[in-house]
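Engineer: One structure coming up, written as structure tokens, with questions to follow.
The values are calculated or read from the model by the stated rules, or taken from the named source; none is laboratory data. What you see is a predicted model, and the numbers here were worked out from it, not measured in a lab. Cβ: placed from backbone, ideal geometry, glycine included. Neighbour counts: every protein chain shown. All accessible areas refer to the heavy atoms of the entire protein, side chains included, with ligands and DNA or RNA removed. Shrake-Rupley method; radii C 1.70, N 1.55, O 1.52, S 1.80 Å.
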Amino acid sequence: MPAALAGALVGLGSLTLPLDTLVRTFRPIAPRLVLALSIVLPCTAAALFRLAHHFATGYHNQTLAALAMAVCALAVLGFSSTGAALLIRSLRRLDPRPAVAWAIAGTVLVAVVAPPLAAGPDGALGGPFGFIGLCAMDALDLALPAMGIVALAVGLACVRFAARLPTRRLVGLSLVPLALAAAGVGALGLEGVRATLGTAAPALPRLVRPIDRALDGDRDGFARLLGGGDCNDDDAAVNPAATDVPGNGRDEDCDGEDLTLADEPVARGPSAAAPAVRLRGDLSFLIITVDAMNLDMGFLGYDRYPTTPRLDRLAARSAAYERAYALGTYTAQSLPPMMAGRYPSELDRTSAHEVRYFLKNEFLAEKLRAAGFRTSGAASHFLFAPIFGWTQGFDRFMQIGSEGDAPPGSHVDLRHSSRLVANDAIRSLEDAERTGGRFFFWYHFLDPHKQYLEHHEARFGGSNRALYDGEIAYTDLHIGRVLDALERAGLADRTVIIVTGDHGEAFGEHGARFHGRETWEEIIRVPLLIHVPGLEPRRVQRRVSHIDLYPTLLELAGLPVPPAARGQSLVPELAGGELPERPILLEQPKNPYYRMRRVFIDQGYKLHHLVEERAFRLFHLDEDPREEHDLAVSDPARLAAVRRAYSRFLAAHVSSVEPVDVAPASSTRVEPGSE
């Protein structure tokens, strides 16, 4: 449709623009112009990228750096224009034919673009054109630029054909796509068209976002016109992403009705009291999180490769939760909320993809340190740097380096770090000063995050799937070293061990790869092992969420759970009791790369809320665990019931705050000993 519309616009433009004059002007130099631009444009782009990188990373004063960058950019553009003109003149003797010129230019383009795209974003600083590899970032949605290129090509291809048609026929053909668009609006309505196209064409929300922004009267991110869905564009508290307050006579979420108070309790299903178990009063904690850790673990039935022998042994003496869910689709919106006992949208934060969390938030390490725990940890991911605020409350949190075949300074994904993270954990466990009393240690293992590297300790093949399994096995090996050190130090009988992933990892199950952006089961479900000394191991089928870990750890530590904390303590279940099923909520707040998403799971039904597209998907996980049969259209009554339960849950359990674009001064602090 966009390509057809572009073609129509070009066709109509050809009626009024002096195309013949433009063609006569540029035809003599067109082949030389094409050749000159094929050389000058890549060199100009490379020079501008190097300048931008130099000024962005080499200067503390950003204002002066931006000014210097602008001056240098103008100089580069001036040199480029002069160079292009000189090339056009120097190529006059060759006078290549148009077909030859385009063939040469195409060859140059492929030679310049293909290698860096193959190398990907991690090679951005390698070679003069390495920056082109940034276009391969999985966080980028390139559908919109690609659509624009296709539309331009179709429009230009139509010019010569349109010039031969009579005016009336040309106008008629140009109006065909407009008529088709009008028919779609008439059948579905503007909101229906936006929802349908938003799910089928992910680039559409970005395409219409500037229009929505211009029409958004109350600046809440949604417009009333063109199907934007805002039912009151004079009130920023009313929009499709808002939480409806029950019984106040207002329809805050614009679903057509005010939410009524629910009679049924949130928790459902049987419950049984735990047998009387007396836990130690001096329990400490070892938290191990693994990046991009999906459900393909030996203790969960995965048998393609022996990936997790050490975790399998831990699972045999732990509570193994087989249906656990993360709080977000990627690390920055998963782990910090888990450590704060709040949903992602409830934390004070920036709107950036690399989220910064502010001092207003209180994390688990802060509460435990105030209670006398020694707090320590390590990770190799740059997001654990103190400036991002994730490690508030730690006496010591180490930024670990990496090792491997890639040159030092390469992106962390091109090197591995599990051995180094494990080494730091072992040093902490062997340090009597840190472990003499109660302690809270957190270690994050990054290696399974793509790019997937090969390890001689675990070689299963060269496919992405086999390399990922090798990364899991390599990480499992070094987690085993940490567990062995815990035993050697004599700390195992008083240390709670928790192992989980920050999110899952997709391998094309729903057309998605890696993680982030989408909310399918393979992306949001994670393994979860909880070992409490003195408690019997068990398997738990009930769905649980990372939101439950915060109150669980506080109860195990003997500390009160703050009223604002979400979730429920799992301690009764760990001790052998039964807890009722509770709804699961996952959030993906909007950021520069990902559209706003929520997932709500209740009584076996999973609701995907595609907020910006104003669309829903509904699956019955008990009958359709692979999410293949969308019930949103075939069972509207069920969809309406689940949506009401979802709205009630948001109203009762989520107090969202708006993120800010720029972190305020002194919003984060560097803890003593953090590095």
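Engineer: Go through region 459-482 residue by residue and tally those that are more than 28 Å from the chain's Cα centre (by Cα) and open to solvent by less than 10 Å² (accessible area, probe 1.4 Å).
Structural biologist: Matching residues across region 459-482 total 2.
Engineer: Exactly one condition in (1) under 23 Å from residue 615 (Cβ atoms); (2) surrounded by 22 or more Cβ atoms within 10 Å (Cβ to Cβ) is not met by residue 512; state its number.
Structural biologist: Here residue 512 clears every test but (2).
Engineer: Can you list residue pairs whose Cβ atoms sit under 7 Å apart, with the first residue in region 602-631 being open to solvent by less than 10 Å² (accessible area, probe 1.4 Å) and the second being part of a loop (DSSP other than H, G, I, E, B) and among the charged types (D, E, K, R)? Count only pairs 6 or more apart in sequence or on different chains.
Structural biologist: Close Cβ pairs satisfying both conditions: 604/622; 618/630; 619/627; 619/630.
Engineer: Separate question: For the condition of a type outside the set (S, T, N, Q), on the phi < 0 side of the Ramachandran plot, modelled with pLDDT under 75 and outside any loop (DSSP other than H, G, I, E, B), what is the one hit in 198, 228? Before you say what the answer is, go through the steps one by one.
Structural biologist: Numbers: 228 fails: outside any loop (DSSP other than H, G, I, E, B).
So the residue among 198, 228 that is of a type outside the set (S, T, N, Q), on the phi < 0 side of the Ramachandran plot, modelled with pLDDT under 75 and outside any loop (DSSP other than H, G, I, E, B) is 198.
Engineer: Would you be able to say whether some residue in region 584-601 is within 22 Å of residue 340 (Cα to Cα), touching a Phe, Trp or Tyr at 6+ places or on another chain (Cβ under 8 Å) and modelled with pLDDT under 95?
Structural biologist: Checking region 584-601: at least one residue is within 22 Å of residue 340 (Cα to Cα), touching a Phe, Trp or Tyr at 6+ places or on another chain (Cβ under 8 Å) and modelled with pLDDT under 95.
Engineer: How about region 475-587: which helices (runs of 4 or more DSSP H) wholly inside it have at least 1 residues that are among the hydroxyl-bearing types (Ser, Thr, Tyr) and within 21 Å of residue 289 (Cβ to Cβ)? Before the answer, list the steps.
Structural biologist: Values: elements: 521-524, 549-557, 571-574.
Of the helices (runs of 4 or more DSSP H) lying wholly inside region 475-587, those with at least 1 residues that are among the hydroxyl-bearing types (Ser, Thr, Tyr) and within 21 Å of residue 289 (Cβ to Cβ) span 549-557.
Engineer: Let me ask something additional. Mind counting the residues in region 567-582 that are under 18 Å from residue 326 (Cα atoms) and either in contact with a Lys or Arg (Cβ under 6 Å, 6 or more places away or on another chain) or surrounded by fewer than 20 Cβ atoms within 10 Å (Cβ to Cβ) (or both)?
Structural biologist: Step one: filter region 567-582 for residues under 18 Å from residue 326 (Cα atoms), giving 567-570, 581-582.
Checking which are either in contact with a Lys or Arg (Cβ under 6 Å, 6 or more places away or on another chain) or surrounded by fewer than 20 Cβ atoms within 10 Å (Cβ to Cβ) (or both) leaves us with 569, 581.
The total comes to 2.
Engineer: Anything in region 602-627 that is out of contact with any Phe, Trp or Tyr (no Cβ under 6 Å at 6 or more places or on another chain), farther than 19 Å from residue 517 by Cα and not aliphatic (A, V, I, L, M)? List them, or say none.
Structural biologist: Of everything in region 602-627, those that are out of contact with any Phe, Trp or Tyr (no Cβ under 6 Å at 6 or more places or on another chain), farther than 19 Å from residue 517 by Cα and not aliphatic (A, V, I, L, M) turn out to be 602, 603, 604, 605, 622, 623, 624, 625.
Engineer: Within region 79-106, which residues are loosely packed, with under 12 Cβ neighbours inside 10 Å, under 45 Å from the mean Cα position of the chain (by Cα) and within 16 Å of residue 40 (Cβ to Cβ)?
Structural biologist: Hit for region 79-106 is 82, nothing else.
Engineer: Being assigned to a helix (DSSP H, G or I), open to solvent by less than 20 Å² (accessible area, probe 1.4 Å) and aliphatic (A, V, I, L, M): is that true of residue 642 here?
Structural biologist: Details: assigned to a helix (DSSP H, G or I): yes; open to solvent by less than 20 Å² (accessible area, probe 1.4 Å): yes; aliphatic (A, V, I, L, M): yes.
Spelling it out, residue 642 is indeed assigned to a helix (DSSP H, G or I), open to solvent by less than 20 Å² (accessible area, probe 1.4 Å) and aliphatic (A, V, I, L, M).
Engineer: Is there any pair linking a residue in region 296-321 that is closer than 21 Å to residue 506 by Cα to one that is open to solvent by 10 Å² or more (accessible area, probe 1.4 Å) and of a type in the set (Phe, Trp, Tyr), with Cβ under 6 Å and at least six apart or on different chains, and which?
Structural biologist: Correct list of pairs: 296/302; 305/460.
Engineer: Can you name every residue in region 301-330 that is modelled with pLDDT under 95 and open to solvent by 10 Å² or more (accessible area, probe 1.4 Å)?
Structural biologist: Scanning region 301-330 gives 301, 302, 303, 304, 305, 306, 330.
Engineer: Considering each residue of region 646-663, count those that are surrounded by 18 or more Cβ atoms within 10 Å (Cβ to Cβ) and in a helix (DSSP H, G or I), and give that number. If you could, list the steps in order and put the result at the bottom.
Structural biologist: Looking only at region 646-663, we keep the residues that are surrounded by 18 or more Cβ atoms within 10 Å (Cβ to Cβ), and these are 646-651, 659, 663.
Applying the additional criterion that residues be in a helix (DSSP H, G or I) yields 646-651.
So the answer is 6.
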